[in-house]
Each structure stands twice: as C-alpha cells, then as structure tokens.
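Data first, discussion second: the structure below is written as structure tokens.
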Amino acid sequence: MNSPFLVRATCRLLAAAAFAGPLALSAQTATPPPELDWRQANDAVGTLQRGHADVLKWEQAHPSAEPADASPVAGLALPTPEHAVRQAWRQHRELVSPLARLGAQNGQLIASGRWTEVDPGLQRRVDDMDELLEVAAQASKAWFQAVAAQQVLKHQRDMLDAAQAASELGQRMVSVGNWSRLQLSQVQLATSTARMNLRRAQYAAAQAQGHLLKTLGVMGVHDGVALPDQLPDVPPQALGAADLAQRSLAVQAQLPAAERMRHRALATMAVQAYQASHALAQDSQGEVLKTRAFITEETVLHYNGMLKSVWDLLDEVRNQSQATVDAIGAQRDFWVAETDLQWVLQGGAPDSFVSLGGGGEAPAAAAH
C-alpha cells in the first residue's frame, strides 16, 4: 500500500468535502443553510467505490498546491553512506597516508560498508587505521540518522494533515448542531498533539543534519545536504552467529593479550545489538506494516459501505502513519547497529551501542 498518498488524499478529500456545500453556494447566499452538515463529507468520500484505489486516482487528478518536501540542496549531495564516508575522509588530511597504504580495493570495501571482507590484520599493519575506521563509522551512522529523521518528518506532516482534517469536520459538525464543544475539544487536542510531534520532528531533522555536517567537517561550508528520501532496505537475512564468532576470534588473534578480553565483551554487545535490531526491523517492516495495511484497506472499504465513520477512517490513517514512523526508527537502529558491529569486528571500540526503540532512552554503554 502506498500509505503517504492514501493519507494525503483521504485528508484532502475529507477537508474539501466538508466545505464543498458552503463554497458552492457562496455566490447565491452569504449563509449556508443548516441542512448542509457533515454528512456531505461522508457522501462525497463515500462515492469512492473501489477503496483506496479511487483515493489514489483522486490524488493524482488533484495534485497538492503545497510545495513538495525536498532535501536542502547546498552543493553537497550524499545519496549513499559511501559518499558520506569519502567526504569525511577528505576533510581529514592526516588520513591520506593510511588510505594510500590501505589500497584502493580495501578503501572501497570500507567506504561501501563491507568491512567484514577486509583483513583484520591491517589494523596492526597500517598506521592510523583505527582513526580511519572511526571516521568512516561515525560518518555512516550520522548519515543513517539524518536520512531517518528526514523520512520521519514527512510522515509527521501526514499525521498532522489527518488531525487537521478531523478538526475541520468537527468544527463543521458543531456549527450545524450535530456535535458538542466537548466532542470537538477532543479532536482539537489530537490536532495539537500532532502539531507538537511535527515540531519535534522538525527539530530532530535539523539536529541530525547539523550533526552530519559537523561529523563530515563541512559545518559552515554547507547549510545542509541533499539526502535520499528513504533508508536502504534491511537485508532479509542477518549475518550468521558462527561467521560472526569466527570473525571475532580472527580479530582477537591480532590483539595483545590485555585487549582480548575487552574485545570479547565488545563483540558480544555488538552482536546482541545487531541481532535484536535486525529482528525488530524485520517484524516492524514485515508483519506489522502488512497487518496495518490490511486494516487500513478494510477500514476504507467499510467506510465506503457506511459501516465505518469518518473518525474511524482518520484514526486508521493516523495509526498507519505512526506504524510507518516506528518502522523507520527500527530500520535506522539496524543500520547503526550493523555499522558498530563491523567496526568492532575490525578491532574498533564504540563508546556506546544503539538503544532499540529510540526516543530519549540512553544508549547502551560499551565495555571499558
């Protein structure tokens, strides 16, 4: 299901239908008669006979007058995390020598996120290899976080659209005496909550962009960067436990005895974060979103058959948008955890590991 289109189309249809009667009569009379109430909105949207397929058709025929969401373009485009890594390397002049010793092939493997294909022994043979890997890991994670924040922002706008459509219909119902002010206040409260969530998302997106610029060493040079619309897909299969254990042992064989125990603890935490984040991302993007899409489809069909109300439809639009936001967070967490794991399997030592579920939870501290 193309949920963003469904959200926007449904909200615009409901909002437009709610005011269609009064606007059509404005040339004839200054005050619309009371019988032009909220049922006109039901009737207008109820003419869609084929569920959200007609909603999408309507959306295509009535493009939004609002400017489309776009990433800030300031002369720096980062379509992939590899571009972010190479940009960060360019800002660290001291990495020119280790990059040359590393070789083009190994540099490409690291920049593209295929660290497990790199010989862990290079950590001991190439001076400043640890700094080169740390810069790459931090740039990758900042890129994933910025793309996810931008993606969430778009869905928070959709949720505010749904809440505002509900508020408009509620005000129309109050004006014709079909609703009380108490009923309207509950809808208005939901709109206020959606507006606050949008402001939080705007701030989070701005902070993520700023963190990315700072990590890449281009703050003050660029006001922002152009990013893709969404994160990369999560791989269907996680790396096997046996392969990860073998890789960890290979790293430990390159380390002094005093560091082996610490690395073992770090590897255990990194693997746990990786496996849990992969499972959560698969569940949220698979079963949860599929079930949510089915519920939304059925809600639209029931609405068209007059078995569901406008409020049921708008509630489900908000539910689906929230499920999508949660799935984006799980997808982001996986890529951050995967980056940390690859870093640890090259002998790196992250300060912390991802907190699954995001929000204000404190990150899991790494072993020291």
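Please find, within region 110-146, the residue that is farthest from VAL344 (Cα to Cα) out of those that are open to solvent by less than 40 Å² (accessible area, probe 1.4 Å) and of a type in the set (Val, Ile, Thr).
VAL126
Within region 256-269, residues that are surrounded by 13 or more Cβ atoms within 10 Å (Cβ to Cβ) sit with their Cβ atoms under 7 Å from residues that are assigned to a helix (DSSP H, G or I), at 6+ positions apart or across chains, in these pairs: ARG260/GLN252; HIS263/VAL251; HIS263/GLN252; ARG264/GLN252; LEU266/VAL344; ALA267/SER248; ALA267/VAL344.
Residue count for region 220-255 satisfying the condition of being open to solvent by 80 Å² or more (accessible area, probe 1.4 Å) and in a helix (DSSP H, G or I): 3.
Looking at (1) free of Cβ contacts under 8 Å to residues at least 12 places away in the same chain; (2) loosely packed, with under 15 Cβ neighbours inside 10 Å; (3) under 22 Å from the mean Cα position of the chain (by Cα), which is the one condition that is false for GLY210? Here GLY210 clears every test but (2). If you filter region 85-109 down to residues that are surrounded by 14 or more Cβ atoms within 10 Å (Cβ to Cβ) and of a type in the set (A, V, I, L, M), you find that the one that is nearest to GLY220 (Cα to Cα) is ALA88. So which residues in region 292-303 are open to solvent by 40 Å² or more (accessible area, probe 1.4 Å) and more than 19 Å from the chain's Cα centre (by Cα)? The answer is PHE294, ILE295, GLU297, GLU298, LEU301, HIS302. For region 304-322, the tally of residues that are surrounded by fewer than 22 Cβ atoms within 10 Å (Cβ to Cβ), assigned to a helix (DSSP H, G or I) and touching a residue at least 12 places away in the same chain (Cβ under 8 Å) stands at 6. Taking ALA281 as the residue in question, decide whether it is crowded, with 19+ Cβ neighbours inside 10 Å and either farther than 25 Å from GLN237 by Cβ or hydrophobic (A, V, I, L, M, F, W, C) (or both). Against the criterion (crowded, with 19+ Cβ neighbours inside 10 Å and either farther than 25 Å from GLN237 by Cβ or hydrophobic (A, V, I, L, M, F, W, C) (or both)), ALA281 qualifies.
Just one of the listed residues (ALA190, ALA226, ALA194) is touching a helix residue (DSSP H, G or I) at 6+ places or on another chain (Cβ under 9 Å) and within 30 Å of HIS278 (Cα to Cα), and it is ALA194.
The values are calculated or read from the model by the stated rules, or taken from the named source; none is laboratory data. As the structure is a prediction and not an experimental result, all values here were calculated from the model. With ideal geometry, Cβ positions are generated from the backbone for all residues, glycine too; neighbour counts draw on all protein chains shown. The accessibility values were calculated without ligands, DNA or RNA, using every heavy atom of the protein model including side chains. Shrake-Rupley method; radii C 1.70, N 1.55, O 1.52, S 1.80 Å.
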